[in-house]
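Heads up: the structure comes next, in structure tokens.
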Amino acid sequence: MDRRSGTRLPWHLLPDNAAVGDGGRLTIAGCDTVELAREFGTPVFAYDEGHLRARCREAVTAFGPAATYATKAFLCRAMARLAAEEGMGLDVASGGELHVCLSAGVPPERLVFHGNNKSLSELRRAREVGVGRTVVDSFDELARLEALHGEDGRTPAVLLRITPGVKAETHEYIATGHDDSKFGFTVSSGAAAEAVEKAKASPAVELVGIHAHIGSQVFRAESFSAAVEVLGRFANPLGLPELVVGGGLGVPYVEGEEAPTITQWARVLRSAAAEAGITAEIGVEPGRSITAAAAVTLYTVGTIKDLPGIRTYLSVDGGMSDNPRPVLYGSGYEAFLPRSVTADRNRTVRIVGKHCESGDLLVRDARVPADVMVGDVLATPVTGAYGHSMGSNYNKILRPPVVFCRDGDARLVVRRETDDDLLLTDLG
Ligand SMILES: *Cc1c(COP(=O)(O)O)cnc(C)c1O
């Protein structure tokens, strides 16, 4: 197979088990993607289950049971079960994420409860079911845990989330100096040290570690090293057994981007931890790096509007409701035609959705094959993280289904919404 990029789709953006099938069509784990579009309709999220499992396994091999999947990247029962089966813990950041994981049968002790504003009822449920760790984010939360301790006498194991005044950014590490964040206890103001004293003295919690999430979509593993050093300076004197450095490992979305593997990330974190004299067990919470590249979204091209001298708008049957990242962050994506996955892409178009917003954009300047036409299935790769999970019902568009592909079988794990689903909560 020719894997030159040029104007072709860079092959490494596709899931592990992508291949060129009959007539040049893309297959994922033996499933023909044009067939998937026909069988399940479009838009549809098509995941390579083997890719998901391989990334979970890689994380567990590199970090042991302290590898925790950040469910906000992509969550449904099948995903929760898969991550747990592969030996990962699971992060949840709301009562809703907690509910989905419990309903998938994930053992509660494998769950880590996050959030900067956990409600009393969320905390109560987490205690009742016995989540493994609670990451305490504020003095107010500590007070709520003390009130609940008065009710039920339980003493959950907690980590304190700190804001170390350091951030691993997309391309480098930045000592931000400022601490302008809604998350965690600020180190520079002394709040973090005060929280440690309070937690140690409180009968309501068992303090087992420190937590910080120091970046997101970070491309250089070395960017984490300096952050780990700063964390060590705060955490080492406390002598606690656990130190969680969050998620944030980046993935390539477009031509020319490269990111370390989970294994390389682990190597860098471990050597940085050793250098910083950290003896605590290092935990991580990858989200994007587990699921992003595992999926492609399949759409159908509905209209092609040519504006001579300006541009061509190519409209698909989804948009910001299944992938809000381009609108929210200006994120870039590639596009291709699954009927001809290795074709040259010599035409530049703007791929837009079907929402009533001029800003409803999927790919600003997409390269597509010149013969693209109405009715074609069109795909965007690397849509397995923060697409389905950040999706919405804007314009009462039905949320797409999710299909897991494995050994030539396509298993529907989330069905498409129906018109009646839109009325489920409407009592009028
Ligand atoms: C979002 C988040 C993660 C996952 O981040 P990725 O960039 O998807 O790896 C992990 N931990 C915390 C606390 C987060 O908020």
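The values are calculated or read from the model by the stated rules, or taken from the named source; none is laboratory data. All figures in this text were calculated on a predicted structure; none of them were measured in a lab. Here the Cβ is made from the backbone with ideal geometry for all residues, glycine too, and neighbour counts use every protein chain on show. Each accessible area value is taken on the protein alone, full model and side chains, heavy atoms only, with ligands, DNA and RNA left out. Shrake-Rupley method; radii C 1.70, N 1.55, O 1.52, S 1.80 Å.
Selection of strands (runs of 3 or more DSSP E) fully inside the stretch 91-194 by the criterion of at least 2 residues being of a type outside the set (A, V, I, L, M, F, W, C) returns 133-136, 157-163.
Scoring Ala19 on the criteria (1) more than 26 Å from Val377 (Cβ to Cβ); (2) free of Cβ contacts under 8 Å to residues at least 40 places away in the same chain; (3) touching a strand residue (DSSP E or B) at 6+ places or on another chain (Cβ under 8 Å) leaves a single failure, condition (1). With respect to the stated conditions, Ala80 fails to be part of a helix (DSSP H, G or I), open to solvent by 10 Å² or more (accessible area, probe 1.4 Å), at pLDDT 95 or above and within 16 Å of the ligand (Cβ to nearest atom). Cβ-Cβ distances below 6 Å connect the following pairs, each with a first residue in the stretch 133-155 that is within 12 Å of Lys118 (Cβ to Cβ), a second residue that is polar (S, T, N, Q), and a separation of six or more residues or different chains: Asp137/Asn116.
Residue by residue, here is whether (1) modelled with pLDDT under 95; (2) open to solvent by less than 50 Å² (accessible area, probe 1.4 Å); (3) closer than 19 Å to Met320 by Cα; (4) touching a Phe, Trp or Tyr at 6+ places or on another chain (Cβ under 8 Å) holds:
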| site | (1), (2), (3), (4) |
| --- | --- |
| Val377 | no, yes, yes, yes |
| Val382 | no, yes, yes, yes |
| Lys396 | no, no, yes, no |
| Asp420 | no, no, no, no |
| Asp426 | no, no, no, no |
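Only one of Ala204, Ala235 is modelled with pLDDT of 95 or more, over 30 Å from Ala292 (Cβ atoms) and among the small types (Gly, Ala, Ser); which? I'd like the intermediate steps shown before the answer.
Values: Ala235 fails: over 30 Å from Ala292 (Cβ atoms).
Unique residue meeting the criteria: Ala204.
Looking at the stretch 154-169, is at least one residue touching a helix residue (DSSP H, G or I) at 6+ places or on another chain (Cβ under 9 Å), at pLDDT 95 or above and open to solvent by 60 Å² or more (accessible area, probe 1.4 Å)? Among the residues of the stretch 154-169, at least one is touching a helix residue (DSSP H, G or I) at 6+ places or on another chain (Cβ under 9 Å), at pLDDT 95 or above and open to solvent by 60 Å² or more (accessible area, probe 1.4 Å), which makes the answer yes. Of the numbered conditions (1) at pLDDT 95 or above; (2) within 16 Å of the ligand (Cβ to nearest atom), Thr279 fails exactly one; give the number of that condition. Just one mismatch for Thr279, condition (2).
Which residues, counting only those in the stretch 36-75, are closer than 17 Å to Val377 by Cα and either hydroxyl-bearing (Ser, Thr, Tyr) or touching a residue at least 40 places away in the same chain (Cβ under 8 Å) (or both)? Selection gives Leu36, Ala37, Glu39, Phe40, Gly41, Thr42, Pro43, Val44, Phe45, Ala46, Tyr47.
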